[in-house]
Each structure stands twice: as C-alpha cells, then as structure tokens.
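Remarks on the structure that follows.
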Amino acid sequence: MELKIQDLCKSYGKKKALWNFTTEFENGIYGILGPNGAGKSTLMNILTDNFISYMGTLKGMKSRDIQGRMDELLPLLNLQKVRKKKLKELSGGMKQRVLLLQALLNDPKFLILDEPTAGLDPKERIRIRNLISDLSEDRIVLIATHVVSDIEFISKEILLMKNGRLVDQDSPENLQKRIYGHVYE
C-alpha cells in the first residue's frame, strides 16, 4: 500500500496550518514530530476526513466478526478486565486504549494515531508502542506526537514539522547524525 500527499495546504484565516506539504508513505511506521501548532493535528484531521469510508466499514461489520476481533484485541490492549464498563467510568489512559481498539477493529491497512500514548503510565506507553510496532508490518501507521520517545525506536522515518511545513524527513538514525554536535543537555 502507498499514500502520496502532494502540495497540501490548509489555512485558518491568515494562519497557514499546512503549506506545500508533500511526502509519500509505504508500509511501516512514520512519526510526525513537532511542537504544538506545527500542523500535526491539522494533517491528521485532513487525512481522516478523506478516509470516512473507513468508519462506514467499521460500522458495517457483522456482529460475530466484531466479537471475534474484540477477543483478539482486548488482551493486546490490556482491557479485558473493563470489557463491560461504560466509557465514562474509565480513566484517561483506558479511554485512549479503547480508541485504539476501535481504530483496529476492522484491521485497517492505514492507521492514523494522534498522540496515542497520551494519558498512559510509562509501562502502558511501552506496551502500546510495542503493539503499534508489531502491527506495522502490513500497514501504514502515522503517529503524530511531540514526545520523541514515542516514535524514535519504532519509526521507519520521522517527519519534522514546524509552522505548517515539512522541514525534514528521514530515518531516526540519519536525523540523529545530522544534529550531532548541535544539541546539548
């Protein structure tokens, strides 16, 4: 599977949220990294608006298929103990995992995750990152975040965004080589 984005622009009044955003994705994980206001969520919103049929497919699944898929996913997301609880009774981290379960329900070939580990404790963050890594072999996975540790070890490539522009895109290793000697702790 392949996804191409060519010269994507989006403005809110005079504010340019995305400007000439161009890239290509193949199977694997792509981390989209940038500060608040860089355009990550705008990109994700545009992409999900263009994949509304995904949600239609999700709702059109047969009941037995949904049940079988939930039996697979609940243990992977560590949610089997809260299966019968209402969403409003769950913690923020559990709600985040339920959203991931919903996204994975019909085994999509294109998965868009905006801050998928937000609200999770450190142990669950690692668990979810490992799950996402395992899922990426036969699908495109986009992860928008401002937390480098969420993507640095699992991403095939990292896209760096600033002020609505794609400023760099490369493997984590190559990006680290380019900034060596320019970053200090």
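The values are calculated or read from the model by the stated rules, or taken from the named source; none is laboratory data. Quick caveat, the model's predicted, so the values are computed rather than measured. So basically every Cβ, Gly included, is an ideal-geometry build from the backbone, and we count neighbours across all protein chains shown. Protein only, heavy atoms only, side chains kept; ligands, DNA and RNA dropped before computing areas. Shrake-Rupley method; radii C 1.70, N 1.55, O 1.52, S 1.80 Å.
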For region 142-147, 3J(HN,Hα) per residue [Karplus equation, 6.51 cos²θ - 1.76 cosθ + 1.60, θ = phi - 60°, Hz, x = Gly/Pro]: 10, 10, 8, 6, 10, 9
Gained length - residue 106 relative to residue 5, 0.36 nm times residue gap less alpha-carbon distance: 33.9 nm
Residue-level accessible surface for residue 157, protein heavy atoms, 1.4 Å, Å²: 50 Å²
Accessible area of region 1-153 divided out per residue, in Å², using a probe of 1.4 angstrom: 56 Å²
Amide H contacts of residue 114 (H built 1.01 Å from N, under 5 Å, at least 5 apart or other chain): 144
Kirkwood-type radius of region 78-137, with distances r between different C-alpha atoms, in Å: 12.2 Å
Where labels lie 7 Å past Cα in the beta-carbon direction, separation of residue 184 and residue 81 in nm: 4.7 nm
Count of Lys pairs (Cα-Cα under 21 Å; at least 8 positions apart or interchain) in region 68-185: 9
Calculated FRET efficiency for the pair residue 149/residue 67, C-beta based, R₀ 45 Å, to 0.05: 0.80
